[in-house]
Amino acid sequence: MSGNLVAAASRAPYLDALNDKQREAVEATEGPLLVLAGAGTGKTRVLTTRLAHIAVSGQAWPSQILAVTFTNKAAREMRDRVAGLIGDAVDGLWIGTFHALAARMLRRHAEAAGLRPDFTILDADDQIRLVKTLAEDANIDSNRWPARSLHAEIQRFKDRGLGPEKVSPEDAERIADGKIGSLYTRYQGRLKTVNACDFGDLLLHCIDIFAAHVDILDVYRARFRYILVDEYQDTNVAQYLWLRLLAQKRRNICCVGDDDQSIYSWRGAEVGNILRFEKDFPGARIVRLEQNYRSTPEILAGASALIANNRSRLGKTLWTGGESGAPIRVRGVWDGEAEALLVSDEIEALQRAGTALGEIAVLVRTSALMRAFEERFVSIGLPYRVVGGPRFYERQEIRDAIAYLRLVHQPDDDLAFERIVNLPRRGIGASTIQTLHGLARADDVSLTEAARRTIGSDELNARSRNALARFLSDLDRWRSGPFEDHVHLAETVLDESGYTEMWRNVRTPDGPGRLENLKELVGALDDFENLGGFLEHIGLVMDRDDFAAGDMASLMTLHAAKGLEFDHVFLPAWEEDVFPNRRAVDEGGTASLEEERRLAYVGLTRARKSVTVSFVASRRIFNQWVSPVPSRFVDELPREHLDTVTELGLAREPNASAGLDFGGGEVTETVGRGPGFARLRQARRPAPAAPIEGKARRVDGPASAFEIGIRVFHQKFGYGKVLAADAGKLDIDFEKAGRKKVMESFVQPA
């Protein structure tokens, strides 16, 4: 390309807005480049300006540039920003997510992967259904290895760039009793048979095609003069292999990322990809973006001191030319309720001082920690949104667990019955539920009562009757006790029902979090005198508006906060075993501890103006009171930048209430009304006037209509003669089906 164009571009006005390091990263176009972009240092500006600069300077046509992002939102933002610099020429760029770009390539060369160009990309539900079918054919125990878990294992292989033939014997042996390898092979074979692939295949097929067909790989190596990659620290092995294959010839690859913000190992990200960039691309240049445009010097000093304790990092130190601000506030209180009170009081004080709630965030290590803050926010009418997931009581596992407790407390709760009668699976299918609904409507009874009447008849097959009988027996046992208290009752229900075990067997990244949420729910019952009081409270909490718009504080996990920023950030529960998370550290050792520290670093660097870190002296974890010590991360914050105040010297019981009373007394009015568990008002319906779902309607009239000897008709069994009648059940000798016991609601005089 013309040197004159390059020289002219170096004087372009779009470069004037860059600092020295940003400009260096933009203009260093030749050879491999790693841009270590700290939090708030303007990495997006560098990426988009670099991309535009390459095009404006004539070093490549837009169609010769490949720009890779992790999300569609990031791709759109990059495209829009570049369009502002180069106009319509942006249409020629290859900008998109890994999966979108790989799919574009794969459609051009589908035959090389054994597919047709019109292949279907299956969504997650379809993938899991296919795995379920294949697992059943292979006689894999679905209780121990649910389809969702097996699907997750297959996707993990794909994230590591492993096809079925590359799965090691060790990996194959530890999963599904050694059957995972053959299951993976059949799964891939079935996908090709139906001309489909899943998300993992998009990259995996491209890698295989490039390895087997060098001529195809050379086409893309020749096409893309420059490759730009965003969030490189979050790449998995398959993404890394795909990029490396494309970049090896020209080596004009620029990866932008921050090793200190690599926090997604649980979904396949490999921090080692960014740490070994110089080894993968010898002679690579590294540019560190360290000037932060977001946070105060105090916040940056705290974050830098904290992350410096990690050994696996390339190293950089954030700084800012901005004005000094408040020190990092560290607060120690007695318990979780006091912590929620502290945070809510501070948020209200900020609001009174003129801060918009949208500029305030509470960031927690796990979703189970949200409950106390949600309870407090609802009780005082503080508008909030949960970012990256539903509110605590709206989560699937919490709704399911509450449905169990509702049905134990109130046997006629049809909504609860229908939700959990086959959860976990008990062999009670849709046709059984349909039969129960028909009887319940015909006899004006609840589904529970309909089930009791049905299990003594031949309306259902033996398997369904036995499953229903066991379920009803469990309900009766849970209702009759004896139990130490309602907390013990809840633990027993979730354990004996198999619901806890169901989630324990789901080997997906969200499985442990769901178990923690269930344990948090059980612990919450201890705040109430009885189960009824708790369920009433849930009804009131859920009976509120979902704030679709308006000014709201944000509540989210630290993982969900990455990429966001707020004026004021609260970081509760900085305690050992909570944060760093004990389970993570036990499973991953030093590597996981360093990722936990990176997560703390992410939390600190979300804040522009103030950070409040808090810990407690006593916390109820999974219904057990523990006395945690402050997190090691608190000790790693520089004292000269801290404002530390604790209440721990006060004469007060560790588990004493902080002024909140959700168990009785006056109930604070909640803000609005909204979706969730409504308190059940049992709908009693009159007997239907016409057959329901194929069932014969009940004929109103004298009891003699079903007198012994009368001929009757049953939709399923046909014609027969009544031999005996007792408590709504008829003993009938059917002409073709033989002798059966049926509910009188399902027959009519012939």
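Given R0 = 22 Å, the distance between the Cβ atoms of Glu636 and Arg285 translates into a calculated FRET efficiency of 0.10.
Ignoring everything except DSSP H segments at least 4 long, calculate the 222 nm mean residue ellipticity for the chain; use -39,500 (n - 2.57) per segment, divide by total residues, nearest 500. Don't skip to the answer; put the middle values down first.
Numbers: 29 runs with 320 residues, N = 750.
It comes out at -13000 deg cm²/dmol, rounded to the nearest 500.
Amide H contacts under 5 Å for Glu576: Val629, Ser631, Arg632, restricted to partners 5 or more places along the chain or on a different chain, H placed in the peptide plane at 1.01 Å from N. The trypsin sites (Lys or Arg not before Pro) of segment 227-317 that DSSP puts in a loop, and whose beta carbon has at most 13 other beta carbons within 10 Å, are Lys249, Arg276, Arg311. Grouping the Cα pair distances of segment 405-561 into 10 Å bins from zero gives a pair-distance distribution of 9, 31, 32, 21, 6, 1 percent in increasing distance order.
When Rg and the Kirkwood radius Rh are both evaluated on Cα atoms of segment 196-267, their ratio Rg/Rh stands at 1.00.
In plain terms, the chain from Asp141 to Arg76 could stretch by 19.0 nm, reckoned as 0.36 nm per residue minus the Cα-Cα distance. In loop segments of segment 405-484 as defined by DSSP, the trypsin sites (Lys or Arg not before Pro) with at most 16 further C-beta atoms inside 10 Å of their C-beta are Arg425. Per residue, the convex hull spanned by the Cα atoms of segment 30-87 amounts to 100 cubic angstrom.
Taking a ≥ b ≥ c as the square roots of the eigenvalues of the Cα gyration tensor, segment 479-606 is oblate, since a/c reaches 1.5 or more and a/b is not larger than b/c. Summing Cβ point charges (Lys, Arg +1; Asp, Glu -1) relative to the Cα centre of the chain gives a dipole of roughly 2640 debye.
Ordering Phe483, Val445, Leu382 by the projection of their Cα atoms onto the charge dipole of segment 380-536, which places +1 on the Cβ of Lys and Arg and -1 on the Cβ of Asp and Glu, puts Val445 at the extreme positive end. Rounded, prolate or oblate for segment 471-542? Axes are the square roots of the Cα gyration tensor eigenvalues, ordered a ≥ b ≥ c, and the cut-off for rounded is a/c under 1.5. Oblate, since a/c reaches 1.5 and b/c is not below a/b.
The chymotrypsin sites (Phe, Trp or Tyr not before Pro) of segment 479-544 that meet both conditions, a loop assignment by DSSP and at most 16 other Cβ atoms within 10 Å of the site Cβ, are Phe483. Projected label points at Asp218 and Leu15, each 7 Å from Cα along the beta carbon direction, are separated by 3.6 nanometres.
Rank by packing, highest mean first: peptides 372-380, 137-145, with packing defined as the count of other Cβ atoms within 10 Å averaged across residues.
Values: 372-380: 22.3, 137-145: 14.0.
By packing density, highest mean first, the sequence is 372-380, 137-145.
With 0.36 nm allotted per residue and the present C-alpha distance subtracted, the Asp526-Lys192 stretch has 114.9 nm of extension available. Report, to the nearest 10°, how far helix 199-212 tilts away from the longest principal axis of the Cα atoms in the chain, using its own Cα long axis and a range of 0 to 90°. Once rounded, the angle reads 50 degrees. Take the alpha carbon gyration tensor of segment 267-338, find the square roots of its eigenvalues, order them as a ≥ b ≥ c, and report rounded if a/c is under 1.5; if not, report prolate when a/b exceeds b/c, else oblate. Oblate. Pairs of Cα atoms nearer than 8 Å and 6+ residues apart set the relative contact order; for segment 102-177 it is 20 percent. Using the Karplus equation 6.51 cos²θ - 1.76 cosθ + 1.60 (θ = phi - 60°), what ³J(HN,Hα) coupling, rounded to whole Hz, does each residue of segment 599-612 give in order, writing x for Gly and Pro? Along segment 599-612, the couplings run 5, 5, 4, 4, x, 4, 7, 6, 8, 8, 10, 8, 10, 10 Hz. Distance between the modelled labels on Asp476 and Ala28, one decimal in nanometres: 7.6 nm (7 Å Cα→Cβ projection). Principal-axis analysis of the Cα atoms of the chain puts helix 98-108 at an angle of about 90° to the longest axis. Which pairs, out of Lys73/Lys316; Lys279/Lys316; Lys279/Lys562; Lys316/Lys609; Lys43/Lys192, put more than 30 Å between their alpha-carbon atoms? In this structure, Lys43/Lys192 lie more than 30 Å apart at Cα. Under 5 Å between amide hydrogens, built in the peptide plane, is the criterion, and for Arg285 it picks out Leu33, Leu34 among residues at least 5 positions away or on other chains.
Residues in segment 321-343 near a label at Asp567, defined as backbone nitrogen under 17 Å from the 7 Å Cα→Cβ point? Answer for segment 321-343: 323-327. How far is helix 370-380 tilted off the main Cα axis of the chain, in degrees rounded to 10, range 0 to 90? That helix lies at roughly 80 degrees to the long axis. What does the charge count near Leu150 come to, summing +1 for each Lys or Arg and -1 for each Asp or Glu among other residues with Cβ under 10 Å from its Cβ? With Lys, Arg at +1 and Asp, Glu at -1, the neighbours total +3. If R0 is 22 Å, the Cβ-Cβ spacing of Arg250 and Asp88 corresponds to a FRET efficiency of close to 0.25.
Of the beta bridges DSSP finds with both residues in the chain, what % are antiparallel, to the nearest 5?
Details: 24 of 73 bridges.
Within the chain, antiparallel bridges account for around 35 percent of the total.
For Gly325, the amide hydrogen comes within under 5 Å of the amide hydrogens of Glu298, counting only partners 5 or more places away or on other chains and with H modelled in the peptide plane. First measure r as the distance between the Cβ atoms of Val387 and Asn461, then evaluate 1/(1 + (r/R0)^6) with R0 = 45 Å and state the FRET efficiency to the nearest 0.05. Computed FRET efficiency for Val387 and Asn461 comes out at 0.45.
Translational diffusion coefficient, Stokes-Einstein: compute it for segment 400-467 using the Kirkwood radius over C-alpha pairs as Rh, at 4 °C and 1.567 mPa s, and state it as an integer in µm² s⁻¹. Mind dumping the intermediate values first?
Numbers: Rh = 12.1 Å.
Translational D for this selection: 107 µm²/s.
Accessible area per residue for the chain in Å², computed with a 1.4 Å probe and the full protein assembly in place, what is it?
Numbers: 32150 Å² over 750 residues.
Heavy-atom accessible area per residue stands at 43 Å².
Pull out the extension gain between Asp485 and Phe713, defined as 0.36 nm times the separation in residues minus the alpha carbon to alpha carbon distance; nm, one decimal. Walk me through the numbers on the way to the answer.
Numbers: separation 228, 0.36 × 228 = 82.08 nm, distance 5.00 nm.
Full-extension gain reported as 77.1 nm.
By the Stokes-Einstein formula, at 1.567 mPa s and 4 °C, the chain with its Kirkwood radius over alpha-carbon pairs has D equal to 43 µm²/s. For Lys249, the aspartates and glutamates whose Cα comes closer than 19 Å to its Cα, not counting residues fewer than 8 places off in the same chain, are Glu30, Asp208, Asp215, Asp218, Glu278, Asp280. Across segment 442-459, computed HN-Hα scalar couplings (Karplus, 6.51 cos²θ - 1.76 cosθ + 1.60, θ = phi - 60°) run 5, 9, 6, 10, 6, 5, 4, 5, 4, 5, 4, 6, 7, 5, x, 10, 9, 4 Hz from first to last residue, x flagging Gly and Pro.
Run the accessible area of the chain with a 1.4 Å probe and give the carbon-and-sulfur part as a rounded percent. Each step should come with its number before you reach the end.
Values: 15510 of 32150 Å².
So the carbon and sulfur contribution to the accessible surface is 48 percent.
Taking label positions 7 Å along the Cα-Cβ direction at both Asp643 and Ala591, the computed distance is 4.1 nm, reported to one decimal.
The values are calculated or read from the model by the stated rules, or taken from the named source; none is laboratory data. Keep in mind that this is a model prediction, so the values were computed, not measured. Don't worry about glycine lacking a Cβ; one is built from the backbone with ideal geometry, like all the others, and counts go over all protein chains shown. Side chains are part of the model used for accessible areas, which takes the heavy atoms of the whole protein and leaves out ligands, DNA and RNA. Shrake-Rupley method; radii C 1.70, N 1.55, O 1.52, S 1.80 Å.
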